[in-house]
Amino acid sequence: MNPEEIVASFCDELNKGVVGSLIYLSEDCIYQNMPFPAVRGPEEVKNVLEGFFAVVGPVRIETLRVAATGNFVMNERIDYFSPPNGKPFGLPVSGAFEIEHGKIVAWRDYFCMKQFSEGTGLDF
């Protein structure tokens, strides 16, 4: 798979749950859900995502656009959530991914904290 296909497959797996998506991450992958602190490795990514999804519900990713050059992929997407204690909402997100040897070595997601707070009802 090329880098663009790896990111698309990763997002497809993430729609099904956290555990299956981890196969696309390198052992030293760095994940940062901006502006929160970065974590390293599939186990830490799993912990962060499972904690996040406990608050917002599971994710359904709709990729709108993709740009790729070499081992770098960016996607523009809407991440849909259904919080257990709130209304469903869509959050515009831009993701930046770096791929090496067929694995994601860096993943950064950028989004508007105000939109996230309004969607979840949580103050940040």
Margin query: Filter region 1-32 down to the residues that are of a type in the set (V, I, T) and modelled with pLDDT of 95 or more and list them by number.
Written below: I6, V7, I23, I30
Next item on the list: Scan (1) under 22 Å from S117 (Cβ atoms); (2) among the basic types (K, R); (3) modelled with pLDDT of 95 or more; (4) surrounded by fewer than 16 Cβ atoms within 10 Å (Cβ to Cβ) for the single condition R65 breaks and write down its number.
Entry: (1)
Checklist line | Those strands (runs of 3 or more DSSP E) lying entirely in region 1-88 with at least 2 residues over 20 Å from G102 (Cβ atoms) and touching a residue at least 40 places away in the same chain (Cβ under 8 Å) | finding: 25-33, 60-69
Next item on the list: Being crowded, with 17+ Cβ neighbours inside 10 Å and either within 19 Å of G51 (Cβ to Cβ) or not hydrophobic (A, V, I, L, M, F, W, C) (or both) is the filter here, so list the residues in region 77-102 that pass it.
Entry: R77, D79, Y80, F81, P83, F89, L91, V93, G95, E98
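The values are calculated or read from the model by the stated rules, or taken from the named source; none is laboratory data. Fair warning: this is a prediction, and the values are worked out from it, not measured in the lab. Ideal geometry is used to build each Cβ from the backbone, glycine not excepted, and the neighbour counts take in all protein chains shown.
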